[in-house]
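Let me begin by presenting the structure, written as structure tokens, before commenting on it.
Coordinate-derived values only; no laboratory data. None of the values given here were measured: they were computed from a predicted structure. Glycine gets a Cβ as well: all are built from the backbone with ideal geometry, and neighbour counts include every protein chain shown.
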Amino acid sequence: MIICERCFCDTEVISVIRNKAEIGDCPLCKCKSVHIYDTDKYEDLSMMFDDLISIYTPVSLLPDSYPKSETCLLKGELINNWKIFNKKSEADVYNIITAICKEKYEYNAELFDQPVGIPELYDQEYLLNHSLLTTNSWDDFVEALKTKNRFHTHYINLDLLERFCSYIRKPYKAGEMFYRCRISTEEGIPIEEMGAPPIEKTTDGRANARGIRCLYLGDTAETTIYETRAGAYDYVTVGKFKLKKDIIVVDLKKINQISPFIEGLSCLEYAINKEHLNKINDEMGKIMRRSDSALDYVSTQYITDFIKSITHDDAAEYAGIEYKSVMHNDGYNLALFDPALFECVDTQVYGIDTIDYRKHII
């Protein structure tokens, strides 16, 4: 079977296909002059997919205690949970994986044709040693931070969290530009006052506790204007910030999109933590309302503080975190642990003309 790089959205799979350096037309997605891969000719993808598919067990072999409502067909699981394929139907995915894993299909067809499950999802001994959350509950973790111990908790496996963070490292080169917005007067705010607030004025934020300085920036001026939530007819000052040196951040908006094919990653360990990683992503992108308590930030503050504490050769490993914008769907934000890493090089004052309110019935 001939498939191509555009049949997939997983970066590791795309890299394997491109390394074959074969250019042609894809009969499946009809793309022209793309990198193609012949499943009858190569076995690279077979080894990769075999490792992932092997974590699943056909329903006929699952323990009787395994909830049948939690089983599904492999093709649907690969589409919905792993995000490997680029807008492919279940029929297309079935044909692709049975072609890639033809040997496995020959001696274990029920793995592809019957509903499947992951036994370890309900194996308490395995979860105790491999779950990101020691009680396997996000709510227990948050409640413990709020009411039991704010700074030291046994409800999260920090070694495992550090490992997941290492898969979503994102470098930035000196000279990169980001933006920060503040509500102002028509005269605007001077460049020297556009940075992070002083310690005595620092309040609780998504990535910092009260009294800990953190510089919040947006990828575009538009993103940061949205995040400021200025009202109609307000004036805002947008500062343009330049990165002074190369840095590495943790891209938390990708924490639930890690490729299962990354070298060294345990597909099984990743699979049982998918729900927890989705929750971290949701919490980082959660809309905070004026009526919300500062306690609603404790889970993301805890995770951010831990990332800040990771060192290598006695130096901080990460300069900050990146997360999706709450107010601007196409944007993202940076929270920098050291505000001095950026300098404001320009400002622009804007007047807010209109606000587009959208509503839904609760």
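How big is the convex hull of the Cα atoms of segment 180-264, per residue, in Å³?
154
Sort segment 166-351 into rounded, prolate or oblate with this rule: let a ≥ b ≥ c be the square roots of the eigenvalues of the Cα gyration tensor; rounded if a/c is under 1.5, and if a/c is not under 1.5, prolate when a/b is larger than b/c, oblate otherwise.
Working: a/c = 1.86, a/b = 1.56, b/c = 1.20.
In terms of gyration-tensor shape, prolate.
Using the structure shown, select from K146/K173; K173/K324; K41/K253; K20/K75; K87/K308 the pairs with a Cα to Cα distance greater than 30 angstrom.
Beyond 30 Å: K146/K173; K41/K253; K87/K308.
Over segment 166-351, what is the relative contact order in percent, taking alpha-carbon pairs closer than 8 angstrom and at least six residues apart? It would help to have the intermediate numbers written out before the result.
Working: 353 pairs, mean separation 66.5, N = 186.
For segment 166-351, the relative contact order is 36 percent.
Would you please name the trypsin sites (Lys or Arg not before Pro) within segment 16-62 that are DSSP coil residues with at most 16 other C-beta atoms within 10 Å of their C-beta?
For trypsin sites (Lys or Arg not before Pro) across segment 16-62 that sit outside H, G, I, E and B with at most 16 neighbouring Cβ atoms in 10 Å, the list reads K20, K30, K32, K41.
Looking at G239, Y167, S131, which one has the Cα that reaches farthest to the positive end of the dipole of the chain (charges on Cβ: Lys, Arg +1; Asp, Glu -1)?
Towards the positive end, the residue furthest out is G239.
Taking a point 7 angstrom from the Cα of N129 along the C-beta vector, which residues in segment 258-288 have backbone N less than 17 Å away?
Output list for this probe position: 266-273.
Students often get this wrong, so try it: which of (1) 23.2; (2) 20.1; (3) 27.7 is Kirkwood radius over Cα pairs in Å as calculated from the structure shown?
Label (1) holds the value from this structure.
How much length is gained if the chain between K146 and I248 is pulled fully straight, taking 0.36 nm per residue apart and subtracting their Cα-Cα distance, in nm to one decimal? All intermediate terms of the calculation are to be shown ahead of the outcome.
Values: separation 102, 0.36 × 102 = 36.72 nm, distance 3.01 nm.
Result: 33.7 nm gained on full extension.
With both partners inside the chain, how many of the DSSP beta bridges are antiparallel, as a percent to the nearest 5?
95
With each run of n ≥ 4 DSSP H residues scored as -39500 (n - 2.57), what mean residue ellipticity at 222 nm is computed for the chain after dividing by its residue count and rounding to the nearest 500 deg cm²/dmol?
Numbers: 13 runs with 110 residues, N = 362.
The helix contribution divided over the chain gives -8500 deg cm²/dmol.
Kirkwood Rh over alpha-carbon pairs of segment 2-118, then Stokes-Einstein at 37 °C and 0.692 mPa s: what D in µm² s⁻¹, rounded to an integer? Mind showing how you got there, number by number?
Details: Rh = 14.8 Å.
So the translational diffusion coefficient is about 222 µm²/s.
Please compute the contact order of the chain in relative form: average sequence separation of alpha-carbon pairs under 8 Å and at least six residues apart, divided by the residue count, as a percent.
Numbers: 609 pairs, mean separation 65.0, N = 362.
Taking the mean separation of contacting Cα pairs over the length of the chain, I get 18 percent.
Report, in debye and to the nearest 20, how large the dipole of segment 166-351 comes out about its Cα centre when Lys and Arg carry +1 and Asp and Glu carry -1 on their Cβ.
Approximately 220 debye in magnitude.
Please get the size of the charge dipole for the chain, origin at its Cα centre, with Cβ charges of +1 on Lys and Arg and -1 on Asp and Glu, quoted in debye to the nearest 20.
980
Let me know the charge dipole size of segment 291-354 about its Cα centre in debye, to the nearest 20, where only the beta-carbon of Lys, Arg (+1) and Asp, Glu (-1) is charged.
So the magnitude is around 160 debye.
Can you find, among I118, I212, P67, the residue farthest towards the positive end of the dipole of the chain? Put +1 on the C-beta of Lys and Arg, -1 on that of Asp and Glu.
Value computed over the given set: I212.
Under 12 Å from the Cα of K102, which aspartates and glutamates turn up, not counting those fewer than eight places away in the same chain?
The reachable aspartates and glutamates, counting only those whose Cα sits under 12 Å from K102, are D40, E43, D50.
So what's Rg/Rh here for segment 235-298, counting alpha carbon atoms and using the Kirkwood radius for Rh?
Taking Rh as the inverse mean 1/r over Cα pairs, Rg/Rh reads 1.11.
Can you sort K173, K242 so the residue with the fewest Cβ neighbours within 10 Å comes first?
Least to most surrounded, the residues fall as K173, K242.
What longest range of the chain stays clear of loop-exposed chymotrypsin sites (Phe, Trp or Tyr not before Pro) (DSSP non-H/G/I/E/B, at most 13 other C-beta within 10 angstrom)?
The segment 1-150 is the longest one with no such site.
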